Amino acid sequence: MAADSAEKARALEQCERDLDLAIERLVNLRLDPEHDAVEGAASDINGDVVRHAPAAAAAVPVPSGGGIISRAEWVERLMAEMSSAADAGDARARAARFLEDFGAAAAPPFPRGANAILKKAVRLQLRLDREKEAANRELQRQLAGFQERVRSLEADKYALTLHLRRARPQGGSMSGRFHPEVF
């Protein structure tokens, strides 16, 4: 358990800035080699050929602690439940009970450290959000300063243009004799 927690912590630290990648790595740590095995391609049940899914979908632990039940055993259990039903109402009740058992067995067990990992991931995401908000506020402040500076420069330009127009003679060109090398 301690080695598993260390692997999870290392996966979170490696993916500090990317929450999706951290979640993906944690999910990959959760996979067991026995769940990756694939059963045979086909089997014969009551004369019909049925394709098997990977072992993770085919073999599911029983909620009452009876171990792992294969796909064929689940089918047999369902058939036994349905064939022993007295009427449609009983069949519905048996099917609902069977589906609850299967759903509870198919749901992966919630690891003890998962809550701590999720809390750490949420804290990480909140910290990243706060950093982004702070950077956004700083950019907004800088933008307001730059806009004020542009308005100030435009006002100065207008004042200089007016000053230049007043300084020029009305004829538009300079009068008098000017040295040609200066102009």
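The residues packed around Leu160, meaning those with a beta-carbon under 12 Å from its beta-carbon, carry a net charge of +1 if Lys and Arg are +1 and Asp and Glu are -1.
Distance between the modelled labels on Arg166 and Lys120, one decimal in nanometres: 7.1 nm (7 Å Cα→Cβ projection).
Here the simple spin-label model places points 7 Å from the Cα toward Cβ, and for Leu128 and Gln140 these points are separated by 2.2 nm.
FYI, it's all coordinate maths here, none of it is from the lab. If you're wondering where the values come from, they're calculated on a predicted model, not measured in any experiment. Positions of Cβ are generated from backbone atoms using ideal geometry, with glycine treated the same way; all protein chains shown enter the neighbour counts.
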